[in-house]
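The values are calculated or read from the model by the stated rules, or taken from the named source; none is laboratory data. Everything quoted here is computed from the prediction, not taken from an experiment. Here the Cβ positions follow ideal geometry from the backbone for every residue, glycine too, while neighbour counts run over all protein chains shown.
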Amino acid sequence: MNIRDLEYFYYLCQNKSFTKTAEMLFVSQPSITMSLNKIEKELGEKLVIRDHSKTQLSLTEAGKIFEKRAHNALHEIKEAKLEISKISGAKIKLGVPPILGAYFLPSFMKKLDENGLVEYIELVETGSSVMKDLLISGEVDIALIGSLTPINDDVLNSTILKTDQFMVCTSNNHLLSNKHRVKFKELKDERFIVLGDSYVHNKILKDLCLKNEISTKNFYYTDEIQTAKSLISSGIGIGIMVNMAVKNMLSIKAISLVPAINFYISIAVRKEQYMTSREKKIMEIMLTH
């Protein structure tokens, strides 16, 4: 059997239909059947039970075992291709959430440039919630990730670079702006400027509202961090943001939350990932700078 046979069998398992699988892979239905027959002959076991009355199929015990192994094999082949492409000059994808990028990226990029590495890097920007998924799936090679607790994952290796805290952010003219700390339940009548689902901030705010029995109806959403800060500073609403995002802004007052909520900034890679010499150097710079 070859890689194509594995692909045909794996997607056949997912679709439970020869017709759908053939259409999805842009091949003829007999091609799928021939690949299946080849695998079954080589393994000496029936993998698929055809139910012609329902035009569907189900897997035998051997089929279920081989489906899992085919998935793992295809994943490993995909990873190998990605890693080899980086050796031959493909860009290293560095994941940087916008809030973390504004704080860390200028100094990191300057150091990477001094070491001749900037030209090998492609930046990928999205919130931490999505960034973790991109890293696990292999769509990003190295990533900065913000989280509510230290990352403890079977798939990732991570190192904490900095610990920050979430703050209540208001305009300088807001009634709360003269306070140094505030409990979340005091904010029940406020309009909130809320970052989208890709940001950890979104989850924090929704969890706080649920815990304090505060409605989420008075939310104004935006996916742009700069837009959110502009709306807060203009008094349209208040927000919950990490301190590093607003601490140098004269137009926003940052007020401590009681009790405090920590925010952990980590650099992470996949445990199974083969690290090229350039990736190792990038990691070394980001960990020591």
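A few notes on this one:
- When segment 235-289 is limited to residues that are at pLDDT below 90 and in contact with a Lys or Arg (Cβ under 6 Å, 6 or more places away or on another chain), the one that is farthest from Ile145 (Cα to Cα) turns out to be Thr276.
- Qualifying residue in segment 70-92 (condition: farther than 21 Å from Ala268 by Cβ and buried (at least 17 other Cβ atoms within 10 Å of the Cβ)): yes
- Matching residues in segment 171-186 - criterion: being exposed (fewer than 14 other Cβ atoms within 10 Å of the Cβ) and part of a strand (DSSP E or B): Arg181, Lys183
- Against the numbered list (1) over 30 Å from Ala73 (Cβ atoms); (2) without any contact (Cβ under 8 Å) to a residue 40 or more places away in the chain, Lys280 comes up short only at (1).
- Cβ-Cβ under 8 Å pairs, at least 6 apart or on other chains, segment 66-77 side in contact (Cβ under 8 Å) with a residue 60 or more places away in the chain, far side loosely packed, with under 15 Cβ neighbours inside 10 Å and in a helix (DSSP H, G or I): Leu74/Ile3; Ile77/Ile3
- For Val168, the conditions (1) in a strand (DSSP E or B); (2) at pLDDT below 95; (3) β-branched (Val, Ile, Thr) all hold with the exception of (2).
- Restricting attention to segment 45-72 and to residues that are charged (D, E, K, R) and closer than 18 Å to Thr33 by Cβ, the residue that is modelled with the lowest pLDDT turns out to be Lys54.
- Applying the criterion of being among the β-branched types (Val, Ile, Thr) and over 14 Å from Met167 (Cβ atoms) to the residues of segment 226-253, the residue that is nearest to the chain's Cα centre (by Cα) is Thr227.
- Tallying residues that are under 15 Å from Ile252 (Cβ atoms) and of a type in the set (Lys, Arg) within segment 169-210 yields 1.
- Among residues of segment 190-206, those that are under 23 Å from Ala260 (Cβ atoms) and over 20 Å from the mean Cα position of the chain (by Cα), counted: 3
- Checking Ile32 against (1) surrounded by 15 or more Cβ atoms within 10 Å (Cβ to Cβ); (2) of a type in the set (Val, Ile, Thr); (3) closer than 30 Å to Ser129 by Cα, the condition it does not meet: (3)
- Residue check: Leu12 meets all listed conditions (1) at pLDDT 90 or above; (2) surrounded by fewer than 18 Cβ atoms within 10 Å (Cβ to Cβ) but one, namely (2).
- Filter result for Asn202 (free of Cβ contacts under 8 Å to residues at least 40 places away in the same chain and not assigned by TED's automatic domain parsing to the domain that holds Lys110): no
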